[in-house]
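This report refers to the structure that appears directly beneath it.
The values are calculated or read from the model by the stated rules, or taken from the named source; none is laboratory data. Because the structure is predicted, anything quoted here is derived from the model rather than measured. A quick note on method: Cβ atoms are made from the backbone with ideal geometry, for glycine too, and the neighbour counts reach across all protein chains shown.
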Amino acid sequence: MIKKRTFYSLIPVLVIIGLVVFPTFGLCKTRREYTIDFILSTEDDVWGSFSEFNQYEDSNDEIETIMTTKSALGGLYLLDATDEADIDKVRVWLRDRTNWGMDLEMIQNSTYGIEGLYYIDNIDYWNGVNNFKEFASNFTEIYGDAIGYTMELGLNASIAGTYLIVKSYYLMDVIEDLEITNITNFITGLLHTDGGFKYSPTATESSLTSTYQAIQTLWYLGTLSEFENKTLVHEYVSQFYVDDVNSVGHYGGFSYNPESELPFATVRATYEAVMTLYSIGFSVQDQQATLDWILSNQNPDDGGFSENVLLGTERRSSTITTHQALSILNNINPELSALSEQFGDYKLRWWIVLIIVLVVLGAAITGVILYQRRIKL
């Protein structure tokens, strides 16, 4: 029988166990926290911009671009964590890059800059709405009662150019300044008989990317409710879904090559498909399967999301892919409760901790008993 003083002898041991074992629970992080950590790890300490990959990786790809910065901020926006970025620095960086994009007549740079400023609620700080309107007018193409925008000066109007311009007007809260009816005519005029949308009036085939951009443009214009071919678009987009449960690593996602014997699902294709389907009032075929597939692309090494890769290929988290993955989750799981579970290197199993406690405690009790009996080991 263990004497009373034996228990007093165990007190220091129990204190040590508490100090060593139980603080490990503080290391437990959720998928959400882990994702935020990854995004912030790509932030430049000097400029406040963001790179596509973790800044501590030894890579030549760590070039801060306006697209990766707006994607990083978009991810933080969905996670309600933009305040963790260095707003004072990044807004200056975005303002300068947006103006620079207009000076060089680069639609993508300027529109991505506006999107980034929107995520941190700093459109007014930029103070360049009127300049952007004048800039956008240079890319206008008129086709009778239809108006579209080009990606570059001298080219025909396209879905991509129109999508970027219209999105910027929407984010700047001046959508009413556009010729809404005429732009809608341009977009709907690019609907292909297969239910998808063509890139431009001269294109002959549809694509998932153009379909996504077309539907989003109609949504920004506020005319999507008037679009009468939603069912046709739904049928078109659904064909990109990987519904073969035996397609390991791809089931639940969407693929650009659905008719292939081995359809390869990607986060980008899934993003375009999911955003399109939910915008027109439909959902994915199996929401849980898509949810699980997206979560399977979260990298346990750093918490970011990576594009799907071939088996055996190293995953590399990206701020662009992370933003797309979070956007998908936000549609399927609006409260992002799927990100509340523990994840990655910080994930601890309760039974492992319990075993450690019991082993240490058992060893301590045995040691005290043997000591009291004056048994030399």
*Among the residues of region 267-289, is any assigned to a loop (DSSP other than H, G, I, E, B) and under 30 Å from Ser51 (Cβ atoms)?*
no
*asked:* Of everything in region 83-98, what is farther than 12 Å from Gly48 by Cβ and crowded, with 18+ Cβ neighbours inside 10 Å? Give them in sequence order.
replied: Thr98
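Here's the yes/no breakdown for (1) surrounded by 24 or more Cβ atoms within 10 Å (Cβ to Cβ); (2) modelled with pLDDT of 95 or more; (3) out of contact with any Pro (no Cβ under 8 Å at 6 or more places or on another chain); (4) among the aromatic types (Phe, Trp, Tyr):
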site	(1), (2), (3), (4)
Val166	yes, yes, yes, no
Ile180	no, yes, yes, no
Phe186	yes, yes, yes, yes
Tyr212	yes, yes, yes, yes
Leu232	no, yes, yes, no
Glu235	no, yes, yes, no
Gly249	no, no, yes, no
*Evaluate region 348-367: report whether one residue or more is modelled with pLDDT under 95, touching a strand residue (DSSP E or B) at 6+ places or on another chain (Cβ under 8 Å) and closer than 18 Å to Glu33 by Cβ.*
yes
*Could you please let me know if Ser260 is of a type in the set (Ser, Thr, Tyr) and more than 17 Å from the chain's Cα centre (by Cα)?*
yes
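Restricting to region 32-53, and then to whatever is within 13 Å of the chain's Cα centre (by Cα) and not acidic (Asp, Glu), can you tell me which residue is farthest from Thr319 (Cα to Cα)? Break it down into steps so the answer makes sense when it comes.
Residues of region 32-53 that are within 13 Å of the chain's Cα centre (by Cα), as a first pass: 32, 35-36, 38-39, 52.
Retained after the next criterion (residues that are not acidic (Asp, Glu)): 32, 35-36, 38-39.
Details: Arg32: 14, Thr35: 10, Ile36: 10, Phe38: 8, Ile39: 6 Å.
Per the criteria, the residue is Arg32.
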*Considering region 283-296 alone, what residues qualify as being farther than 19 Å from Thr322 by Cα and buried (at least 17 other Cβ atoms within 10 Å of the Cβ)?*
Val284
*Within region 169-183, which residues are without any contact (Cβ under 8 Å) to a residue 40 or more places away in the chain and either under 29 Å from the mean Cα position of the chain (by Cα) or closer than 23 Å to Tyr125 by Cα (or both)?*
Glu176, Ile183
*Please enumerate the residues belonging to region 212-246 that are within 24 Å of the chain's Cα centre (by Cα) and either of a type in the set (S, T, N, Q) or not in a helix (DSSP H, G or I) (or both).*
Gln213, Gln216, Thr217, Ser238, Gln239, Phe240, Tyr241, Val242, Asp243
*Would a scan of region 92-102 turn up a residue that is over 30 Å from Gly154 (Cα atoms) and of a type in the set (A, V, I, L, M, F, W, C)?*
yes
*Among the residues of region 91-129, write down those that are touching a helix residue (DSSP H, G or I) at 6+ places or on another chain (Cβ under 8 Å), among the polar types (S, T, N, Q) and not in a helix (DSSP H, G or I).*
Asn122
_Pair list, Cβ under 7 Å, 6 or more apart: region 251-265 residue part of a loop (DSSP other than H, G, I, E, B) and surrounded by 23 or more Cβ atoms within 10 Å (Cβ to Cβ), other residue modelled with pLDDT of 85 or more and aromatic (Phe, Trp, Tyr)_ = Gly252/Trp293; Gly253/Trp293
*What is the one condition in (1) touching a Leu at 6+ places or on another chain (Cβ under 7 Å); (2) crowded, with 19+ Cβ neighbours inside 10 Å that Asn138 does not satisfy?*
(2)
*Within region 314-322, is there a residue that is in a helix (DSSP H, G or I) and free of Cβ contacts under 8 Å to residues at least 60 places away in the same chain?*
yes
_Return the pair list, or none, for Cβ contacts closer than 6 Å from residues in region 103-132 that are surrounded by fewer than 23 Cβ atoms within 10 Å (Cβ to Cβ) to residues that are of a type in the set (S, T, N, Q), at least 6 apart or on different chains._
Ile120/Thr82
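Looking at Asn299, Asn308, can you tell me which residue is polar (S, T, N, Q), farther than 23 Å from Leu277 by Cα, modelled with pLDDT under 95 and surrounded by 15 or more Cβ atoms within 10 Å (Cβ to Cβ)?
Working: Asn308 fails: farther than 23 Å from Leu277 by Cα.
Of the residues listed, the single one that is polar (S, T, N, Q), farther than 23 Å from Leu277 by Cα, modelled with pLDDT under 95 and surrounded by 15 or more Cβ atoms within 10 Å (Cβ to Cβ) is Asn299.
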_Residues (modelled with pLDDT of 95 or more and not hydrophobic (A, V, I, L, M, F, W, C)) located in region 151-164_ = Ser158, Gly161, Thr162, Tyr163
